[in-house]
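The values are calculated or read from the model by the stated rules, or taken from the named source; none is laboratory data. Given the structure is predicted, the values throughout are model-derived calculations rather than measurements. Heads up, the Cβs are rebuilt from the backbone with ideal geometry, glycines too, and the neighbour counts pull from every protein chain shown.
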């Protein structure tokens with residue numbers, strides 16, 4: 001298998017980008033390492049914000065234990081449910097995470113449910129906890145998307161734009177390759193390449209912008225508990241709706257051409273806008 005990844009219009013050529021590293025004879029996937037680092041970074045971000053806002057950071061270390069485990073389960077279940085045809089004949093493959101197959105929306109849904117239950121049991125403010133954790137969540141997503149880079153997945157349709165990414169055909173899943181990609185295959189030194197939108201990169205950069213807005217609002221413009229979480233849901237939903245439309249590996253509603261993540265992103269945008277408007281209106285009324 002050819003291991004190169006190129007961004008030809010940017011003049012970037014990476015000769016060998018492996019998918020794993022061998023440690024004492026054990027293969028450790030870069031995908032898993034990236035996800036692990038992103039989780040740690042997200043927790044550290046949340047505890048940092050907790051300290052700055054006078055909260056007990058131990059609360060966030062405590063809930064992180066539950067969140068990490070349940071979010072991974074949620075991310076995998078979400079992916080498997082909407083990709084059931086790929087797993088129904090080999091159920092053990094459900095437990096193989098080395099090749100990817102984690103859906104961020106599944107993780108977010110599981111994380112929110114876990115946080116709601118945790119706050120109810122511990123008698124804490126869900127809005128404050130969510131606002132403190134949300135920047136850490138999106139920081140984890142910013143970093144975690146680069147696991148897709150190593151796996152050569154989560155890319156979009158053919159393009160020759162500035163950020164176009166060139167991948168060896170034999171390094172990607174055949175199910176992710178479209179007719180348009182095949183009709184634009186480039187053969188170099190006997191090796192076939194496809195050229196695609198690096199949607200993992202688009203999403204990572206988009207999330208950086210959202211994180212900056214969230215931190216700015218946290219510092220200067222926060223009016224109510226839950227506001228930062230709603231900004232995250234709105235911002236991420238807008239970006240994901242656009243980016244998901246470019247991808248070739250989207251999860252679909254059963255038997256339809258409707259992309260699950262686009263539908264959910266649109267719903268979150270509408271709900272978050274409504275709740276932000278409602279809470280700001282309530283806050284303004286209370287000030288009068």
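Somewhere in the range 246-254, is a residue touching a helix residue (DSSP H, G or I) at 6+ places or on another chain (Cβ under 7 Å) and not in a loop (DSSP other than H, G, I, E, B)? Checked against the condition, which is being touching a helix residue (DSSP H, G or I) at 6+ places or on another chain (Cβ under 7 Å) and not in a loop (DSSP other than H, G, I, E, B), the range 246-254 yields at least one hit.
Scan 199, 178 and give me the residue that is within 26 Å of residue 86 (Cα to Cα), in contact (Cβ under 8 Å) with a residue 40 or more places away in the chain and more than 17 Å from the chain's Cα centre (by Cα). Before you say what the answer is, go through the steps one by one.
Working: 199 fails: more than 17 Å from the chain's Cα centre (by Cα).
Going through 199, 178 in turn, the sole match is 178.
Residues in the range 1-20 that are over 16 Å from residue 148 (Cα atoms), surrounded by 11 or more Cβ atoms within 10 Å (Cβ to Cβ) and either in contact (Cβ under 8 Å) with a residue 12 or more places away in the chain or in contact with a helix residue (DSSP H, G or I) (Cβ under 9 Å, 6 or more places away or on another chain) (or both): 2, 8, 9, 10.
Under 21 Å from residue 241 (Cβ atoms), out of contact with any helix residue (DSSP H, G or I) (no Cβ under 6 Å at 6 or more places or on another chain) and surrounded by fewer than 18 Cβ atoms within 10 Å (Cβ to Cβ), is that true of residue 159? Spelling it out, it is not the case that residue 159 is under 21 Å from residue 241 (Cβ atoms), out of contact with any helix residue (DSSP H, G or I) (no Cβ under 6 Å at 6 or more places or on another chain) and surrounded by fewer than 18 Cβ atoms within 10 Å (Cβ to Cβ).
Yes or no: residue 142 in contact with a helix residue (DSSP H, G or I) (Cβ under 8 Å, 6 or more places away or on another chain), assigned to a helix (DSSP H, G or I) and at pLDDT below 85? So residue 142 does not fit the description; no. Scanning the range 41-66 for residues that are in a helix (DSSP H, G or I), modelled with pLDDT under 95 and farther than 19 Å from residue 120 by Cα yields one hit, 52.
Please specify each residue of the range 175-212 satisfying the condition of being buried (at least 20 other Cβ atoms within 10 Å of the Cβ) and touching a strand residue (DSSP E or B) at 6+ places or on another chain (Cβ under 6 Å). Within the range 175-212, 181, 193, 194, 195, 196, 197, 198, 199 meet the criteria. Among the residues of the range 213-271, those that are within 17 Å of the chain's Cα centre (by Cα), surrounded by 20 or more Cβ atoms within 10 Å (Cβ to Cβ) and within 19 Å of residue 136 (Cβ to Cβ) comprise 214, 229, 230, 231, 232, 233, 234, 235, 236, 237, 240, 268. When residue 142 is evaluated against the numbered criteria (1) farther than 26 Å from residue 268 by Cα; (2) in contact (Cβ under 8 Å) with a residue 24 or more places away in the chain, which criterion, by number, is the only one it fails? Every listed condition holds for residue 142 apart from (1). Filtering the range 67-109 to residues that are without any contact (Cβ under 8 Å) to a residue 60 or more places away in the chain, touching a helix residue (DSSP H, G or I) at 6+ places or on another chain (Cβ under 6 Å) and not in a helix (DSSP H, G or I) leaves 87, 101.
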